[in-house]
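Accompanying notes for the structure given below.
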Amino acid sequence: MHLFEANIHISAAEELLKWYDLLEKGIITPEEFEKKKRELI
């Protein structure tokens, strides 16, 4: 894996954690979280 590819995976994981935090706080719905997760993975 190249460094650039690793950075993309890390940022996607970080982004997913941010969305999960919003889900846990009740700011977004489970459906919104699942949609974003599919986009990121």
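The values are calculated or read from the model by the stated rules, or taken from the named source; none is laboratory data. Owing to the predicted nature of the structure, the values given are computational and were not obtained by experimental measurement. Counting neighbours? That spans all protein chains shown, and the Cβs are built from the backbone with ideal geometry, glycine included.
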* Structure fact -> Selection from the chain of residues out of contact with any helix residue (DSSP H, G or I) (no Cβ under 9 Å at 6 or more places or on another chain), at pLDDT 95 or above and outside any helix (DSSP H, G or I) yields Lys25, Gly26
* Pairs only if they're at least six apart or on different chains, beta carbon under 9 angstrom, first in the range 17-41 and at negative phi and in contact (Cβ under 8 Å) with a residue 24 or more places away in the chain, second surrounded by 11 or more Cβ atoms within 10 Å (Cβ to Cβ) and of a type in the set (S, T, N, Q); list them, first residue then second. => none
